[in-house]
Amino acid sequence: MAPSSWSTASFTSGVSVALDVSTVVASISLYRGASQSHFYLWLALAAFVHIVDQLGNDLSVVWNNGFDDENKPIPNIGLNVLGIIAAMCGGVGFVTLNMSRFYSIGITRMPAMTRVLAVATAVSVLLCVANNVMYVAAFIAQAGNKDSGLAALIPKLDTVFTIWSIYDSLVNLSISMAFLSLLKNMSIASGATSLRKGFTDMLVRVQWVLVIEAGVMVLANLYDLFLPDLDSDMAAVYIAESLRLRMFVMFLLTLSRMLKKKIPPSNAASTTMNGNPNHRAGLVGGAFPLSTYVASKPMAQQHGQHHHSSSGPSHNQSSSGDYATPL
């Protein structure tokens, strides 16, 4: 039996899928072991659809290389459309997920910045959807007549995708940086003086994670833009997208550690005795008093200690004793 030949496409696909599987497992573990926030499940779903996108692209390449135009049993339009839908869901899902997390607390504390980032997110979503709809139309036209005008647009759509991907990376970076800035300001405003030791160092570290995450995406897209012949299957972008998702999970883990504070055992015990059923062992005495979801009520309010109406945001909400994870 002849030895199998080296395949760069198979290797890069394996790296990308392995990173995505790692992200899915880590996200589900965070969901089950920390706050059970659905944010983690949506993040796992984003990684899963990226796997579908990657595999759909790989099968399409194999199909194209395995048959010439005259002998193809059926066109590979189905694989192309499947990959496009998965790519659109992943692209739209990630930036929307990132923005929704920031919007839930930013709209009342940084309204101007939040609205600017919301508009930037909307532009990213609309550009992604429009480009992918054009992709679907172009591939359908190509299946019927490879010389059609719509089919000729595919290279231009590839360029639009690259521009969108770079823009989307910068939008995500801006959202995450704004989120970090907001959390830092809220921690200072709440008067928390017993934050985890090394908080400043961890803040710098997590900012570098975000910069590297965005930088990898930008460099991968520029590589494909200026050297398309060296990466016709867009392997660099696929790996960069998988790495971005994995580094985002790393960002969330570091963020959770940053917001930990030391609480004397007596305080932790008294908190446990408050009778709040939502306080699991991982949160009591461990999470920074930060209410990040508008829908979540302060602990004191749940016990009838607050007499003001809960219809609007409380000015004391960030220091009300509501222990929550950063998501």
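Which condition from (1) closer than 21 Å to Ser16 by Cα; (2) at pLDDT below 90; (3) open to solvent by 50 Å² or more (accessible area, probe 1.4 Å) is the one that Leu219 breaks?
Only one criterion in (1) closer than 21 Å to Ser16 by Cα; (2) at pLDDT below 90; (3) open to solvent by 50 Å² or more (accessible area, probe 1.4 Å) is unmet by Leu219, namely (2).
So, Ile166, is that one at pLDDT below 90 and closer than 17 Å to Asp224 by Cβ or not?
no
Have a look at Val49, Val17, Val25 and point out the one that is modelled with pLDDT of 90 or more and loosely packed, with under 15 Cβ neighbours inside 10 Å.
Selected residue: Val25, the only one of Val49, Val17, Val25 that is modelled with pLDDT of 90 or more and loosely packed, with under 15 Cβ neighbours inside 10 Å.
Suppose the filter is open to solvent by 50 Å² or more (accessible area, probe 1.4 Å), of a type in the set (Ser, Thr, Tyr), more than 18 Å from the chain's Cα centre (by Cα) and modelled with pLDDT of 90 or more; does Thr108 pass it? First the steps, then the outcome.
Numbers: open to solvent by 50 Å² or more (accessible area, probe 1.4 Å): yes; of a type in the set (Ser, Thr, Tyr): yes; more than 18 Å from the chain's Cα centre (by Cα): yes; modelled with pLDDT of 90 or more: yes.
When the stated conditions are applied, Thr108 passes them.
Could you list all residues from segment 143-183 that are polar (S, T, N, Q) and in contact with a Phe, Trp or Tyr (Cβ under 8 Å, 6 or more places away or on another chain)? Break it down stepwise before answering.
Just the residues of segment 143-183 that are polar (S, T, N, Q), to begin with: 145, 148, 159, 162, 165, 169, 172, 174, 176, 181.
Result: Asn172, Ser176.
Consider Ser124 against the criteria (1) modelled with pLDDT of 90 or more; (2) more than 21 Å from the chain's Cα centre (by Cα); (3) among the small types (Gly, Ala, Ser); (4) open to solvent by less than 50 Å² (accessible area, probe 1.4 Å): it satisfies all of them except one. Which criterion is unmet?
Going through (1) modelled with pLDDT of 90 or more; (2) more than 21 Å from the chain's Cα centre (by Cα); (3) among the small types (Gly, Ala, Ser); (4) open to solvent by less than 50 Å² (accessible area, probe 1.4 Å) one by one, Ser124 breaks only (2).
Can Ser148 be described as part of a helix (DSSP H, G or I), surrounded by 14 or more Cβ atoms within 10 Å (Cβ to Cβ) and of a type in the set (Gly, Ala, Ser)?
Working: part of a helix (DSSP H, G or I): no; surrounded by 14 or more Cβ atoms within 10 Å (Cβ to Cβ): yes; of a type in the set (Gly, Ala, Ser): yes.
No.
The values are calculated or read from the model by the stated rules, or taken from the named source; none is laboratory data. Here the structure is a predicted model, which means the values were calculated and not measured. Here Cβ is always computed from backbone atoms with ideal geometry, including for glycine, and neighbour counts include all displayed protein chains. Protein only, heavy atoms only, side chains kept; ligands, DNA and RNA dropped before computing areas. Shrake-Rupley method; radii C 1.70, N 1.55, O 1.52, S 1.80 Å.
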